[in-house]
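The values are calculated or read from the model by the stated rules, or taken from the named source; none is laboratory data. Just so you know, these numbers come straight off a predicted model, no measurement behind them. Glycine also receives a Cβ, built like all others from the backbone with ideal geometry; neighbour counts cover every protein chain displayed.
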Amino acid sequence: MSSSREKVDKEDSWFLESYWKNAGQAVTSVAHIKEGLRVRLEMRKLCWCLVVGETRKDAGPRS
């Protein structure tokens with residue numbers, strides 16, 4: 001939700017459902033994405049696709 005990439009590891013930069021709101025969720029999500037990219041680069045034949053976008057009405061029209 002943030003307009004700045006520098007805040008990607010901050011909880012308030014994400015639209016989180018109540019059951020996802022816990023300390024460290026943003027950091028864990030970013031680490032998961034980075035690991036996926038690392039594995040993709042290591043295994044050149046692997047196809048990796050990260051799909052994100054508006055999945056909840058309250059999140060607003062963002063992608």
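Taking every residue in segment 7-34 that is in contact (Cβ under 8 Å) with a residue 40 or more places away in the chain and pairing it with any residue that is assigned to a loop (DSSP other than H, G, I, E, B), at least 6 positions away or on another chain, the pairs with Cβ-Cβ distances below 6 Å are Phe15/Met1. May I ask you to list the residues in segment 1-14 that are touching a Lys or Arg at 6+ places or on another chain (Cβ under 9 Å), assigned to a loop (DSSP other than H, G, I, E, B) and not hydrophobic (A, V, I, L, M, F, W, C)? Selection gives Ser2 alone.
What about Arg38, is it at pLDDT 80 or above and among the basic types (Lys, Arg)? Full working, then the answer.
On the way: at pLDDT 80 or above: yes; among the basic types (Lys, Arg): yes.
When the stated conditions are applied, Arg38 passes them.
The number of residues in segment 3-50 being small (Gly, Ala, Ser), surrounded by fewer than 10 Cβ atoms within 10 Å (Cβ to Cβ) and more than 22 Å from Pro61 (Cβ to Cβ) comes to 1. Would you tally the residues in segment 15-63 being part of a helix (DSSP H, G or I), of a type in the set (A, V, I, L, M) and more than 16 Å from Arg5 (Cα to Cα)? The total comes to 4.
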